[in-house]
Structure formats: C-alpha cells, structure tokens
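A.B. asks: Before I ask anything, here is the structure I am working with.
Bear in mind that the values in this text are calculations on the coordinates, not laboratory data. This one's a predicted model, so the numbers in the text were calculated from it and none came from an experiment. For neighbour counting, all protein chains shown are included, and Cβ atoms are generated from backbone atoms with ideal geometry for every residue, glycine included.
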Amino acid sequence: MLRLEGATLNYGAFRALDAVNLHVGKGELVVLLGANGAGKSSLFLAISGLRKLASGSIRFEDTELRGRKPSRIVEAGVVHCPEGRKLFPDMSVRKNLILGGYVHRHDGKGTRHLLDHVFAMFPILHARRDLPAGSLSGGQQQMVAIGRALMGRPRVLMLDEPSLGLAPLIVKQVLEAVKAINETGTTVLLAEQNAYAALQIAHRAYVMESGRIVMEGDRDTLLADERIRKAYIGA
Ligand code: ATP
C-alpha cells in the first residue's frame, strides 16, 4: 500500500535518511524501531511532504507522493500524528479534533459522524470536549492527537512515538487503542522507542539506525533476535 524506495533526505550536509526501502501492506501494523536521532521522524515528515527527499520515491498505491503538497497527501489518505502531539493547547478538545478533518471540511455530515466515532473510542474526550486541550493529562492529550489524525480519514495512519513521556499504564492504553484502530481496517505505521510494547501489537517491524534500515522481520523474529533484545528491549 505504501512503498518507499531509496528514500534519501539531507539536512544540509547531514544525511538523515540514507536510501531507505520500506513497505507497508494493506491492513498491516508495522513498527519502526530506533533510538533517538535514528531518523524515524524524518521518515514520517518526508512521507507527509513536510520535508523534501533528495532522491527516491514514496508510492501510495498507484500514486507518487513525492513532490505533493502535504494537504494533498492527507487527502489521499496518509495521515501523520506527530511526535510531541502538537495540539493547539488553548483551543478546546473538540476544535482540535475538528481541525484534523480540515481537508474534508466540505463534508460536514461525515465530520460529525467521525467526531462521534472518536468520542465513542475515547469517552473521556467527550466528557472534556469543551476544555482547552492543554489542560488535559499527557495520556488524554495523546488521545486527542490520535483522534485528530483519525478525523483526517486515514487509510494509512502514521504515529510518531505516541507513548513518549507517558506512564506505563497509559502507554498500554494508548497502544491498545492503536491496535484497535488497526483491527478496524486502518493500516498503521508506528514509530516507537518502546520496542517491547510496540512489538506486542505489530505484525512486522523495521529497525533504523543512523538513517538506515538495518533489520526487518516479523514480530516473533525480532522479539527473539539477540541483537534486538540487547539494544532495544533489555533482559
Ligand atoms: P527522535 O526520537 O529523537 O525524534 P528520530 O529517530 O525521530 O529521533 P529524527 O528526528 O528524524 O530522528 O532525526 C534524525 C537526525 O536528523 C538526528 O541526528 C537529528 O539531530 C537530525 N535532524 C532532525 N531534524 C533536523 C533539522 N531540521 N536540521 C538538522 N538536523 C536535523
């Protein structure tokens, strides 16, 4: 469904992505593992059209995404939930969510229907819908960020470290929500440093180091791999 070939991205003289090949099949939940600075966010920014590739291609089904405007990429069905949530803290939870459906703003009925769906998925957001998003707990803000991405009607949902800074119990809840989203038919690409928890819900995973894919495999292969256990999971 989504296929990157030879994706290369530079920040000046620094190469953040070095000929990355990666694919995500329809209905899959694929995890991208890697330490701080490995290039996970850069990969998502490139797919979203927010950073320009120096070379390579990003195909979504039959469409080349490279060179497209970010809004057109969302319209095509590739939606990015960024690292650090990036909410508008002074705006209400409801308005933050509605903004996620901006490219579909002419379809008011669809937006209302989706908003109900997000509130059903995260009932606490319905209870807090009129509060400023910035007043919510970290876990609840992450739910707003995921809900906002769902409002963009993703066919491929890219989640950049949704567990960052959250307590272990909340991480579990967030990853369960991600799994549920995948099980209802949305393809997911999930970047995580929390390797063990992420691999529990993944079908396949890639490991990134210094802008390169250094390993790929299905969940069980990576969970059993000695190098992965040492570098990302611990004992
Ligand atoms: P993190 O979890 O810390 O965000 P990451 O795997 O997402 O890590 P990136 O944010 O993609 O990694 O960063 C990859 C490399 O590119 C890092 O060395 C980072 O310092 C560098 N980098 C990121 N953004 C820029 C930028 N705008 N200008 C220059 N270098 C950058």
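A.B. asks: Tell me which residues, restricted to segment 208-234, are under 24 Å from Thr186 (Cβ atoms) and assigned to a strand (DSSP E or B).
C.D. replies: Selection gives Met208, Ile213, Glu216, Gly217, Asp218.
A.B. asks: Please find, within segment 27-72, the residue that is nearest to the ligand (Cβ to nearest atom) out of those that are assigned to a loop (DSSP other than H, G, I, E, B) and among the aliphatic types (A, V, I, L, M).
C.D. replies: Ala38
A.B. asks: While we're on this one: Does Arg112 qualify as being in contact with a helix residue (DSSP H, G or I) (Cβ under 9 Å, 6 or more places away or on another chain), under 16 Å from Arg153 (Cβ atoms) and surrounded by fewer than 17 Cβ atoms within 10 Å (Cβ to Cβ)?
C.D. replies: no
A.B. asks: For segment 161-206: of the residues being among the small types (Gly, Ala, Ser) and in contact (Cβ under 8 Å) with a residue 60 or more places away in the chain, which is nearest to Leu222 (Cα to Cα)?
C.D. replies: Ala205
A.B. asks: Then there is this: Any chance you could count how many residues in segment 1-15 are surrounded by fewer than 22 Cβ atoms within 10 Å (Cβ to Cβ), outside any loop (DSSP other than H, G, I, E, B) and out of contact with any Phe, Trp or Tyr (no Cβ under 9 Å at 6 or more places or on another chain)?
C.D. replies: Final tally of qualifying residues: 7.
A.B. asks: Where residues in segment 82-107 are touching a strand residue (DSSP E or B) at 6+ places or on another chain (Cβ under 9 Å) and of a type in the set (Gly, Ala, Ser), which of them is farthest from Ala191 (Cα to Cα)?
C.D. replies: Checked segment 82-107; the qualifying residue farthest from Ala191 (Cα to Cα) is Ser92.
A.B. asks: Same structure, new question: Please state which one of Gly77, Gly67 is on the phi > 0 side of the Ramachandran plot and exposed (fewer than 13 other Cβ atoms within 10 Å of the Cβ).
C.D. replies: Just one listed residue meets the conditions, Gly67.
A.B. asks: Of Gln140, Gln173, which residue is in contact with a Leu (Cβ under 8 Å, 6 or more places away or on another chain) and surrounded by fewer than 20 Cβ atoms within 10 Å (Cβ to Cβ)?
C.D. replies: After applying the criteria, what remains is Gln140.
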